[in-house]
Structure formats: C-alpha cells, structure tokens
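Read the structure below first, then the notes.
The values are calculated or read from the model by the stated rules, or taken from the named source; none is laboratory data. Just so it is clear, the structure is predicted and the values come from calculations on it, not from any experiment. Note that we place each Cβ from the backbone using ideal geometry, even for glycine, and neighbour counts take in every protein chain shown. Side chains are part of the model used for accessible areas, which takes the heavy atoms of the whole protein and leaves out ligands, DNA and RNA. Shrake-Rupley method; radii C 1.70, N 1.55, O 1.52, S 1.80 Å.
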Amino acid sequence: MRVLVVEDDPEVGALVKETLEGELHAVDWARDGEEALGLLLAFPYDLVILDLGLPRRDGMRVLKELRAEGKAVPVLVLTARDSLEDKVEGLEAGADDYLVKPFHLRELRARARALLRRAGGGASNRVEVGRLALDLRGKRAFWEGREVELTPKEWQLLEYLALHPGRFFPREELLEHLWPGEASVDPRSLDAYVSRLRRKLSEEAIETRRGLGYRFLG
C-alpha cells in the first residue's frame, strides 16, 4: 500500500515513516500542508497520516480541501490537539480516525491496518506523469506507451523522482533513499543510474542543476 505521512516534526515523521515501511508499505513524507495537498491531488494514496499543526497550510485546511475535491482516501489524524472540540472538528471535516500525541507505535500500526482493511486498497496503482506511466504495484514503467525494462535500483530512483515531478532532490537525499545508512557509497553511483534512466527514457526526462540536484520533467 502507498501511504502519505504529513508531519513537520523531523523526529516524529521519521519514526512514523520507518514504522509504516516496516509494515511493507511504500511511504512518502510531506513536511508542510502545501506539499501534502499537492501530492494528494496529483497521486493516488491508500492512506494518509495527517498532523494538524503544519506550516504553510494547516492540516485541517488540507483535510477539508481534500474532501472538497472528492478524494475518499482514508485519513488518520495524528496530532497533539487533544480537546473534544478538535476531535469533533477533525472527524466532521472528513477524518476517518483521530490519534493524539504522544502515541504508542503499536496502536498506530493497528489503526493504520484497520483503515487499510476498511478501504480495501481502493487507490489506483497507475500514475501518469507526462510521457511516463508507472504501475506502482507491478513496478513497471512505460515511456510513450512502450514498456521500459528497469533494474530494481533504476525503478526505485525513477519512482521517487516521478512521484514528485518538478521538485529538485539534492544528491544526498537520493543517495540516502537508494542506499539508506550506507555512508561509504560512491556518489558517482547515483550519476550512473541517472545516465541509465536518461538512455532508457529521454535525455530531457531528468534535469540536473548545480546546487539544487535532480528533478524529473517527464
């Protein structure tokens, strides 16, 4: 399942992401409300873990706008706002469940599983970004209608870039995504994978900009 974690606290966000990845979910992490809403309106998710106290756009606004757009993805609010009024407002705004911080990871996992079972994994597994189409569950890529054979690392890099089109990723972030915790990886390995993807897709598909990193253009 694909899950979006929306959390601005780096420690909490990393903990929730690691916990859900331990459940074999693919997890994206948005640090503010603007980024979260953009991802939610552009890509399919099976579950959203949503903080309310977010920069740029409050989590309650994100939830209300998501429901106003007709998106039915299950939302678990994870927040420090523990008053009855906050809980009622969140549930009436469209949240499917409400968990107050501090929380136990065991309870988070249980609530996430319950929401995913209830939803039945109804999100689409196909994402189209320009000339690229991705089958997220089958891990297959199609460029201009033609299937592209990718190695597991090539798929991992392409999926990460393509699910955030137009956003620059620093080299360090991509290295950590491809080789988590491996500090000894040669940075040139990333360049090699980017070059391979360009050969298989198009030279213009991935842009490199000094000081900013890499971004997918499609």
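At 1.4 Å probe radius, can you tell me the per residue accessible area of segment 1-99 in Å²?
Result: 43 Å² of accessible area for each residue.
Seen from all sides and averaged, what is the projected area of the convex hull of the Cα atoms in segment 3-42, in nm²?
2.5
Under a plain spin-label model, where a point goes 7 Å from the Cα along Cα-to-Cβ, how far apart in nm are Gln156 and Arg198?
2.2
Return the sequence-ordered ³J(HN,Hα) values of segment 89-104 in whole Hz as given by the Karplus equation 6.51 cos²θ - 1.76 cosθ + 1.60 applied to θ = phi - 60°, using x for Gly and Pro.
4, x, 5, 6, 6, x, 5, 8, 7, 9, 10, 9, 7, x, 9, 9
Tally Lys and Arg at +1 and Asp and Glu at -1 over the other residues with C-beta under 11 Å from the C-beta of Asp9: what net charge comes out?
Neighbourhood net charge equals -2.
Show that you can apply the helix-only estimate: for the chain, add -39,500 (n - 2.57) for every DSSP H stretch of four or more residues, divide by all residues, and state [θ] at 222 nm to the nearest 500.
Helices in the chain give a 222 nm mean residue ellipticity of -12500 deg cm²/dmol.
Return the tail of the calculated pair distribution for segment 71-122, meaning the percent of Cα-Cα pairs more than 11 Å apart.
69
Extension gain Leu217-Leu84, at 0.36 nm per residue separation less the Cα-Cα distance, in nm?
43.4 nm
Where the accessible area of the chain is counted over protein heavy atoms with a 1.4 Å probe, how much of it, in %, is carbon and sulfur?
About 49 percent, which is the carbon plus sulfur part of the accessible surface.
Residues with beta-carbon under 14 Å from that of Pro74, excluding Pro74: net charge, scoring Lys, Arg +1 and Asp, Glu -1?
With Lys, Arg at +1 and Asp, Glu at -1, the net is +4.
Starting from the Kirkwood Rh over alpha-carbon pairs, what translational D in µm² s⁻¹ does segment 140-218 have by Stokes-Einstein at 25 °C and 0.890 mPa s?
192
Rounded to whole Å and sorted largest first, what semi-axes of the equivalent ellipsoid does the C-alpha gyration tensor of the chain yield via the square root of 5 times each eigenvalue?
Semi-axes, largest first: 32, 19, 16 Å.
Just to be sure I understand: of the beta bridges DSSP finds with both ends in the chain, what percent are antiparallel, rounded to 5?
Once the DSSP bridges in the chain are tallied, antiparallel ones form about 50 percent.
Rg(Cα) of segment 130-177 divided by 2.2 N^0.38 Å?
Its radius of gyration relative to the 2.2 N^0.38 Å reference: 1.16.
Round to the nearest 0.05 the FRET efficiency obtained for Glu18 and Arg188 when R0 = 25 Å and r is the Cβ-Cβ distance.
0.35
Given segment 14-81, report the % of alpha carbon pairs whose separation exceeds 20 Å.
23
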